[in-house]
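Here is the structure we will look at.
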Amino acid sequence: MRYLPLLLLAASLSTQAAVPLPPDVDPKSLSRLPLIPRSSLDAEGQRIFDAINTAVTGKQEEFPRQGPPNSSMYSLAVAEPFDRMNQLLRKTVAGRGYFEICTLLAAREYDQEYEWAAHEPAAKAAGIGAATIDAIRYNRSPAGLPEKDRVLIEFGRQLLKQHRLDTPTYNKMVELFGKQGMVEMAMSLGDYVMTAILLNAVNQQVPADRPLNLPINNK
């Protein structure tokens, strides 16, 4: 599930100072959208709810997870394929670490703190080095990074910032990741851009016990 990396945040050593929530943010969902009770849904809605939420803990839940699960379930018919696509992309032939690089590139581009807080620990757990993560965090040049990291960052930045991809970078991506891997990396970027936009729309806040490690004014 797209929210599984949040479980890794408990290992973080730094926390953010408690600040008042914006007045339109629900204190339980930490967003503009209150948590949807499972019991308020019809049978089909509960099936979708369980497909998205219960798989994480293996037990029936009454409320969804904060973030994308709760927000997306305000459109149940969309929520299920949205979640399913994410699960499939996590199994990309390129490897989990490169999927996580894509999530960080999208979070960085959209200044999405919740997304970044979820996926920085996941990227580290998947073997992505601190230099690569910091190059994305601080919008630094990827020069000197491992080749696949460098090329993927260039690929992502071109698509996210210029909305185009030059031929040399395309060819290098196919050489390093194969055509399927290149396609899945492009789709992973798009998946997390969509998630970032959704989370920004609902003003999703990061829980107070999780670090804020994305310098949103550093462009």
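The values are calculated or read from the model by the stated rules, or taken from the named source; none is laboratory data. Everything quoted here is computed from the prediction, not taken from an experiment. So basically every Cβ, Gly included, is an ideal-geometry build from the backbone, and we count neighbours across all protein chains shown.
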Single unsatisfied condition, ILE128 versus (1) more than 20 Å from GLY190 (Cα to Cα); (2) in a loop (DSSP other than H, G, I, E, B); (3) out of contact with any Asp or Glu (no Cβ under 7 Å at 6 or more places or on another chain): (3)
Criterion: in a helix (DSSP H, G or I) and farther than 12 Å from LEU189 by Cα - qualifying residue of ALA77, ALA94, ALA106: ALA77
Conditions (1) surrounded by fewer than 16 Cβ atoms within 10 Å (Cβ to Cβ); (2) at pLDDT below 95: number failed by PRO168: (2)
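Does ARG108 satisfy the condition of being on the phi < 0 side of the Ramachandran plot, surrounded by fewer than 19 Cβ atoms within 10 Å (Cβ to Cβ) and among the charged types (D, E, K, R)?
No.
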Single residue of GLN180, GLN162, GLN205, GLN158 found to be closer than 21 Å to SER29 by Cα and polar (S, T, N, Q): GLN205
Selection from region 195-211 of residues that are among the hydrophobic types (A, V, I, L, M, F, W, C) and crowded, with 17+ Cβ neighbours inside 10 Å: ALA196, LEU198, LEU199, VAL202, VAL206
Search result, residues across region 114-151 that are in contact (Cβ under 8 Å) with a residue 24 or more places away in the chain and among the polar types (S, T, N, Q): THR132, ASN139
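If you check ARG96, ARG47, ARG32, ARG84, which single one turns out to be under 21 Å from the mean Cα position of the chain (by Cα) and either exposed (fewer than 14 other Cβ atoms within 10 Å of the Cβ) or modelled with pLDDT under 95 (or both)?
ARG84
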Selection status of GLU147, touching a Lys or Arg at 6+ places or on another chain (Cβ under 9 Å), modelled with pLDDT of 95 or more and buried (at least 18 other Cβ atoms within 10 Å of the Cβ): no
Residue count for region 133-173, restricted to those that are among the charged types (D, E, K, R), within 19 Å of ASP191 (Cα to Cα) and part of a loop (DSSP other than H, G, I, E, B): 1
Answer residue from region 72-109, given it is of a type in the set (Asp, Glu) and assigned by TED's automatic domain parsing to the domain that holds GLY178 and is nearest to LEU198 (Cα to Cα) among those: GLU109
Residues that are loosely packed, with under 13 Cβ neighbours inside 10 Å and either closer than 17 Å to ALA106 by Cβ or of a type outside the set (A, V, I, L, M, F, W, C) (or both), drawn from region 122-133: GLY127
